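Participant: Encoded as C-alpha cells, here's the structure I'll be asking about.
The values are calculated or read from the model by the stated rules, or taken from the named source; none is laboratory data. Owing to the predicted nature of the structure, the values given are computational and were not obtained by experimental measurement. Cβ sites come from the backbone with ideal geometry, for glycine too, and all protein chains shown count toward neighbours.
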C-alpha cells in the first residue's frame, strides 16, 4: 500500500473510530443490534485509484462476525466527482491535505448518513423503494415486506 493510500486509510479510520467502528486492514465494522455496518477502502488493480465501499449485513439473514463488504446484503459505493478526484492518487490537482479532508468529509457526511439509514430493519423499510432496489439483494427486499 502506498504511503498516500495509508494516509487515506488513516483519515477514514479517524472518522469511523469516533463512531464506534473497529477495523482490520482497510475494512471497518460497526456491530449493532440488527446490523453490521461495513466500510471498505478498495484499491484498483489498474492504477492508483481507490474506492470506498459501504455495506450492511443484516443479522436476521445470517450470522457473521466481520463480514467482507462483497458478501453483505446491502452494498453501494460512495461516489461523487470531488471524492473520485480525491481518491485518484495520480490526480495532482489537490494537495494531500485537501485530498484527505475531502475524503474524511465524504465518509463523515454521506457515507455515515447512508449507513445510519440502514442501521435497523425499521430504518431500511423507510428507504425509498428505488434506492432499496439499487443497493439491496432480493433477500433483503423479501425480509422487509414481511
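Participant: Out of all the residues in the stretch 72-98, which are farther than 18 Å from residue 6 by Cβ, under 17 Å from the mean Cα position of the chain (by Cα) and free of Cβ contacts under 8 Å to residues at least 40 places away in the same chain?
Facilitator: If the condition is that a residue be farther than 18 Å from residue 6 by Cβ, under 17 Å from the mean Cα position of the chain (by Cα) and free of Cβ contacts under 8 Å to residues at least 40 places away in the same chain, then 72, 77, 78, 79, 80, 81, 82, 83, 84 are the ones that fit.
Participant: Follow-up. Which condition number does residue 33 fail, the rest of (1) in contact with a helix residue (DSSP H, G or I) (Cβ under 9 Å, 6 or more places away or on another chain); (2) farther than 21 Å from residue 17 by Cα; (3) modelled with pLDDT of 95 or more; (4) exposed (fewer than 13 other Cβ atoms within 10 Å of the Cβ) being met?
Facilitator: For residue 33, the failing item is (2).
Participant: Let me ask something else. Return the residue satisfying two criteria in turn: it lies in the stretch 72-83 and is in contact with a strand residue (DSSP E or B) (Cβ under 8 Å, 6 or more places away or on another chain) and within 17 Å of residue 109 (Cβ to Cβ), and of such residues it is surrounded by the fewest Cβ atoms within 10 Å (Cβ to Cβ). Walk me through it before giving the result.
Facilitator: Initially, the stretch 72-83 is screened for residues in contact with a strand residue (DSSP E or B) (Cβ under 8 Å, 6 or more places away or on another chain), giving 72-78, 83.
Filter once more, so that each one left must be within 17 Å of residue 109 (Cβ to Cβ): 76-78, 83.
Values: 76: 18, 77: 15, 78: 19, 83: 21.
Going through the qualifying residues, I end up with 77.
Participant: Select, from 69, 89, the only residue that is at pLDDT below 95 and surrounded by 15 or more Cβ atoms within 10 Å (Cβ to Cβ). Steps first, please.
Facilitator: Numbers: 69 fails: at pLDDT below 95.
That would be 89, the only listed residue that is at pLDDT below 95 and surrounded by 15 or more Cβ atoms within 10 Å (Cβ to Cβ).
Participant: Sort through 88, 96 and tell me the only one that's farther than 20 Å from residue 23 by Cβ and out of contact with any helix residue (DSSP H, G or I) (no Cβ under 7 Å at 6 or more places or on another chain). Steps first, answer last, please.
Facilitator: Numbers: 96 fails: out of contact with any helix residue (DSSP H, G or I) (no Cβ under 7 Å at 6 or more places or on another chain).
88 is the lone residue from the list that is farther than 20 Å from residue 23 by Cβ and out of contact with any helix residue (DSSP H, G or I) (no Cβ under 7 Å at 6 or more places or on another chain).
Participant: If a residue counts only when it is touching a residue at least 60 places away in the same chain (Cβ under 8 Å) and under 20 Å from residue 113 (Cα atoms), which strands (runs of 3 or more DSSP E) contained entirely in the stretch 1-71 have at least 2 such residues?
Facilitator: Numbers: elements: 22-24, 27-31, 35-43, 50-58.
Qualifying strands (runs of 3 or more DSSP E): 35-43, 50-58.
Participant: Let me ask something else about it. Pairs please, first residue from the stretch 101-119 and without any contact (Cβ under 8 Å) to a residue 40 or more places away in the chain and at negative phi, second anywhere and buried (at least 18 other Cβ atoms within 10 Å of the Cβ) and in a helix (DSSP H, G or I), Cβ atoms under 6 Å, 6+ apart in sequence or on different chains.
Facilitator: 102/86
Participant: Just one of the numbered conditions (1) within 25 Å of residue 3 (Cβ to Cβ); (2) surrounded by fewer than 17 Cβ atoms within 10 Å (Cβ to Cβ) is not true of residue 52; which one?
Facilitator: If we test residue 52 against (1) within 25 Å of residue 3 (Cβ to Cβ); (2) surrounded by fewer than 17 Cβ atoms within 10 Å (Cβ to Cβ), just (2) comes out false.
Participant: Look through the stretch 132-146, keep the residues that are under 19 Å from the mean Cα position of the chain (by Cα) and exposed (fewer than 13 other Cβ atoms within 10 Å of the Cβ), and return whichever of them is nearest to residue 60 (Cα to Cα). Break it down stepwise before answering.
Facilitator: Initially, the stretch 132-146 is screened for residues under 19 Å from the mean Cα position of the chain (by Cα), giving 132-137, 140.
Narrowing further to those that are exposed (fewer than 13 other Cβ atoms within 10 Å of the Cβ): 133-134.
Working: 133: 19, 134: 20 Å.
Ranking the candidates gives 133 first.
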